[in-house]
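The values are calculated or read from the model by the stated rules, or taken from the named source; none is laboratory data. Here the structure is a predicted model, which means the values were calculated and not measured. Here the Cβ positions follow ideal geometry from the backbone for every residue, glycine too, while neighbour counts run over all protein chains shown. Side chains are part of the model used for accessible areas, which takes the heavy atoms of the whole protein and leaves out ligands, DNA and RNA. Shrake-Rupley method; radii C 1.70, N 1.55, O 1.52, S 1.80 Å.
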Amino acid sequence: TTRSTLSGTDRYDTSVKVHTAAEAKDDNASFTDLVIASGDAFPDALSAIALARKEDAGVLLLPSSGAMSAAAITKAIAATNIYIIGGTNALSSAVETKLKTTVAAGGAGKTSLNVTRLSGTDRYATAAVVANTIGAAGVAKHDNKATAIVVSGENFADAVSASPLVSGP
């Protein structure tokens, strides 16, 4: 058994390091898609897990201000499709601007066709939008049965505990 610790200078840097390690685990194959969620609040990031699993995408956390490190921009440049989870209160419109700004100007150079924001009026509506985007084909299985995982949106512990049912083997 090999043990490794993935950590960064903050939660955003750690998410980049985890993304990079996940790519390395898969024979250095880059993710073709990227799911971006707020690192300042948990609900949208938890909704992002199932979408990332379905799309075989990496997940990056960003501050709600939309500031992106050079490493995060590099990951975005490599992505074909990018999903922003949550409304502009969760991740400001500056995120979309940075993703669509040309590489020469320090952005990812994506078009509006590459960047999709999935959001609702609140965390519950955003979770429903993400679930509808995943669709029936992407529904998790537990004991070979299609499974909906329903947890409280008020705290993250149960959702984190249940996440292996969605993202695990």
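Within the accessible area of the chain, what % is carbon and sulfur when the probe is 1.4 Å and the other protein chains stay in place? Mind showing how you got there, number by number?
On the way: 5090 of 9490 Å².
Roughly 54 percent, rounded to a whole number.
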Can you work out the Karplus-derived ³J(HN,Hα) for every residue in region 45-55? Use 6.51 cos²θ - 1.76 cosθ + 1.60 with θ = phi - 60°, whole Hz, and x for glycine or proline. 5, 5, 5, 5, 4, 5, 5, 4, 4, 5, 8
Beyond 19 Å between alpha-carbons counts as too far, so tell me which of K54/K141; K17/K54; K54/K100; K17/K75 fall in that bin. K17/K54; K54/K100
Label point distance in nm, D122-L6, each placed 7 Å from Cα along Cα→Cβ: 3.3 nm
Mind checking which of T126, A37, A72 is farthest towards the positive end of the chain's charge dipole, using Cβ charges of +1 (Lys, Arg) and -1 (Asp, Glu) about the Cα centre? A72
Taking θ as phi - 60°, what are the ³J(HN,Hα) couplings along region 13-23 by the Karplus curve (6.51, -1.76, 1.60), each to the nearest whole Hz, with x for Gly and Pro? 5, 4, 5, 5, 5, 5, 4, 5, 5, 5, 5
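Counting pairs of alpha carbon atoms under 8 Å apart in space and at least six apart in sequence, what relative contact order in percent does the chain give?
On the way: 275 pairs, mean separation 33.7, N = 169.
Averaging sequence separation for qualifying contacts and normalising by length gives 20 percent for the chain.
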Using the alpha-carbon centroid of each, what span in Å lies between region 1-23 and region 57-134? 20 Å
Under the helix-only model (-39500 (n - 2.57) for each DSSP H run of 4 or more, divided by the residues of the chain), the mean residue ellipticity at 222 nm, to 500 deg cm²/dmol, is -12500 deg cm²/dmol
Just to confirm, what accessible area per residue do you get for the chain at 1.4 Å probe, in whole Å²? 56 Å²
Charged-residue dipole, Cβ positions (Lys, Arg, Asp, Glu), region 65-169 about Cα centre, Debye nearest 20: 360 debye
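Could you order Y124, Y12 so the one with the most accessible surface comes first? Probe is 1.4 Å. Present the calculation step by step, with values, prior to reporting the outcome.
On the way: Y124 115, Y12 45 Å².
Result, largest first: Y124, Y12.
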Net charge around N81, counting only other residues with Cβ within less than 10 Å of its Cβ (Lys, Arg = +1; Asp, Glu = -1)? -1
Stokes-Einstein D for region 55-167 at 37 °C, 0.692 mPa s, Kirkwood Rh over Cα pairs, in µm²/s? 211 µm²/s
Which value, in Å² rounded to 10, gives the accessible area of T111 with a 1.4 Å probe and all protein chains present? 70 Å²
Under a Gaussian network model of the chain whose springs join Cα atoms within less than 10 Å, the largest fluctuation of N132, N144, N81 belongs to N144
